[in-house]
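First the structure, in the form of structure tokens, and then the observations on it.
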Amino acid sequence: MMKHLESAGGSRRNNGAIAIDKVADILERELDSVIQEWLARVEKAPDLMAIQLNYEDRTGHLPALLHDVIKRLRLHAGTKAPISKAAAAHGDLRRKQGYTVAMAVEESRILQVSIFTTLHNNVKQLDFDALLPDVVTIADEVDAQLKEQMLRFIAADKSDLAEAAATVL
């Protein structure tokens, strides 16, 4: 579906028409922008910045998590979403890096805000017929990823408790 818009902005195709894209296509195309938006917001969060990490250690997980969001957006309605292996690995990594549960939740919240900001920045290209269901899917997937991260935190805490109890005995 092509729609002609007079104003500038967006990706122009053929005689001034702007392509109308699915949310998944926009996120895939704007992956680096989402990451930069996320990083800019994280850098304003003193509690997150208290953990000193280089660029790769701080952002290296994002492409995999975002690709899982994009895959989820492309699933047929009613299809059961797979559990994000990237989220589990990220939960393990962040715990080892010294993150708290609250910090992981904050990062997840910032990811959702960054995704929605990127969509807002590309509003002229959005397929509005699918926008609200896609926003619900994004929120659900990011929350499911957070749940998987928290399950990893809990499992690691239980393991630490078991090790401590074994050393006491």
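S84 satisfies every condition listed in (1) without any contact (Cβ under 8 Å) to a residue 60 or more places away in the chain; (2) under 13 Å from the mean Cα position of the chain (by Cα) except (1).
For E106, are the conditions met, namely being surrounded by fewer than 18 Cβ atoms within 10 Å (Cβ to Cβ) and in contact with a helix residue (DSSP H, G or I) (Cβ under 7 Å, 6 or more places away or on another chain)? Yes. Looking only at residues of the stretch 19-65 that are free of Cβ contacts under 8 Å to residues at least 12 places away in the same chain and under 14 Å from the mean Cα position of the chain (by Cα), we find that the one that is surrounded by the fewest Cβ atoms within 10 Å (Cβ to Cβ) is D32. Quick one: is T137 on the phi < 0 side of the Ramachandran plot, surrounded by fewer than 17 Cβ atoms within 10 Å (Cβ to Cβ) and polar (S, T, N, Q)? Against the criterion (on the phi < 0 side of the Ramachandran plot, surrounded by fewer than 17 Cβ atoms within 10 Å (Cβ to Cβ) and polar (S, T, N, Q)), T137 does not qualify. Selection over the stretch 90-129 of residues that are under 16 Å from the mean Cα position of the chain (by Cα) and without any contact (Cβ under 8 Å) to a residue 24 or more places away in the chain gives a count of 3.
Each value in this text was obtained by applying a stated rule to the coordinates, not by laboratory testing. It should be emphasised that the depicted structure is a prediction, and the values quoted were computed from it without experimental measurement. Quick reminder, even Gly has a Cβ in these numbers, built from the backbone with ideal geometry, and neighbours come from all protein chains shown.
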